[in-house]
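Chemist: Sharing a structure below in structure tokens format, with a few things to ask.
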Amino acid sequence: MSYSHTQQELATALAKDLQNNGISTIFDGWDLPAGYDLDHFMEQNLKDSSIDYIIVLCDQDYKNKADKKDGSGVSTESTIMTPEAYGSITSSRIIPLAIDFNSENKAVVPTFLATKKYINFNSKRRPYNESLEELERRIYGEPVLKRPPLGLEPNFTAAEPQDDGIRKIQNISFQIENALMGNPLMAQDQFKTAYLPALQAFLTDWDKQCAGKKTIAEQVNAAAPVLKSLQKTFHLVYNDTAFDNLDDVLLFLNLMI
């Protein structure tokens with residue numbers, strides 16, 4: 001952890017919280033006894049490739065010292081970190097924590113970290129516990145927002161816009177198929193909590209879907225996309241042991257009929 005003396009209180013609290021939450025933290029408060037060489041301590045730890053992350057507490061004082069290279073501890077640490085920060089745009093070991101913001105609402109960070117995405121640790125803008133959780137999620141690789149399963153390509157060649165209900169059913173079916181390859185329980189849950197209700201809602205509204213379709217042929221045409229999806233999902237349900245809840249399968253078959 002790299003910080004200026006102006007953030008001693010925050011650095012101490014943060015180091016304790018990280019340590020208490022299972023994140024082994026190197027902190028001069030307990031790792032640097034009196035009499036040890038400060039420069040050696042900083043260089044040894046900042047260059048140690050076995051250390052997963054370097055947390056930098058960025059405030060105005062830290063930026064001033066890092067940018068001016070005034071010979072302070074902050075200046076020494078920033079000099080050691082600069083090659084890593086600039087050496088590769090894909091390097092994500094250094095995590096800036098933005099504590100101060102300027103009059104233009106921009107985070108105050110040293111120049112060598114200007115392009116790095118920061119975590120907002122300004123207590124006036126965000127509760128400390130929220131900031132701490134985001135940092136811990138970053139370290140543990142557990143983001144709040146995760147990439148959803150890939151959906152289907154839109155039907156650009158359709159004669160008319162595809163119905164949202166059909167589109168929803170197709171997407172959920174596609175997600176179930178993806179989940180079956182790695183997480184059958186998730187697939188089973190999606191089938192029960194997402195696919196069946198979406199299908200039920202679509203079929204309940206079927207009369208409205210057909211209101212503008214005068215002939216049987218037009219109605220069959222409108223139904224074709226969802227029928228293909230039903231057929232595909234039926235094969236998934238029939239062939240995979242993940243779908244062992246008979247009530248869910250019977251409901252699906254009754255809806256199809």
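The values are calculated or read from the model by the stated rules, or taken from the named source; none is laboratory data. This is a predicted model, so every value here is computed, not measured. Please note: Cβ atoms are built from the backbone with ideal geometry, for glycine as well, and neighbour counts cover all protein chains shown. In case anyone asks, the SASA skips ligands and DNA or RNA and just uses the protein heavy atoms, side chains included. Shrake-Rupley method; radii C 1.70, N 1.55, O 1.52, S 1.80 Å.
Chemist: Can you pull out every residue in region 29-64 that is of a type in the set (A, V, I, L, M, F, W, C), under 18 Å from THR12 (Cα atoms) and out of contact with any Pro (no Cβ under 7 Å at 6 or more places or on another chain)?
Modeler: TRP30, LEU32, ALA34, LEU38, PHE41, MET42, ILE54, ILE55, LEU57
For (1) at pLDDT 75 or above; (2) surrounded by fewer than 10 Cβ atoms within 10 Å (Cβ to Cβ); (3) within 15 Å of GLY165 (Cα to Cα), each residue gets a yes or a no:
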position	(1), (2), (3)
CYS210	no, no, yes
THR215	yes, yes, no
ALA223	no, no, yes
ASP240	no, no, no
LEU246	no, yes, no
ILE257	no, yes, no
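Chemist: Any chance you could count how many residues in region 111-127 are within 25 Å of ASN45 (Cβ to Cβ) and either open to solvent by 20 Å² or more (accessible area, probe 1.4 Å) or at pLDDT 90 or above (or both)?
Modeler: 8
Chemist: Among the residues of region 119-126, are any under 30 Å from GLN190 (Cα atoms) and among the hydrophobic types (A, V, I, L, M, F, W, C)?
Modeler: no
Chemist: Pairs please, first residue from region 167-193 and farther than 24 Å from PRO225 by Cβ, second anywhere and in a helix (DSSP H, G or I), Cβ atoms under 8 Å, 6+ apart in sequence or on different chains.
Modeler: MET186/ALA179
Chemist: Is one or more of the residues making up region 14-34 under 28 Å from the mean Cα position of the chain (by Cα), farther than 25 Å from GLU136 by Cβ, surrounded by 15 or more Cβ atoms within 10 Å (Cβ to Cβ) and touching a residue at least 24 places away in the same chain (Cβ under 8 Å)?
Modeler: Scanning region 14-34 turns up no residue that is under 28 Å from the mean Cα position of the chain (by Cα), farther than 25 Å from GLU136 by Cβ, surrounded by 15 or more Cβ atoms within 10 Å (Cβ to Cβ) and touching a residue at least 24 places away in the same chain (Cβ under 8 Å).
Chemist: If a residue must be under 22 Å from ASP100 (Cβ atoms) and either of a type outside the set (A, V, I, L, M) or not in a loop (DSSP other than H, G, I, E, B) (or both), how many such residues does region 1-28 contain?
Modeler: 18
Chemist: While we're here: Considering (1) under 15 Å from GLN170 (Cβ atoms); (2) at pLDDT below 70, say which one THR233 fails and leave the rest.
Modeler: Of everything listed in (1) under 15 Å from GLN170 (Cβ atoms); (2) at pLDDT below 70, THR233 misses just condition (2).
Chemist: Regarding LYS168, is this residue within 24 Å of the chain's Cα centre (by Cα) and either at pLDDT below 75 or basic (Lys, Arg) (or both)?
Modeler: Taking the combined requirement at face value, the residue satisfies it.
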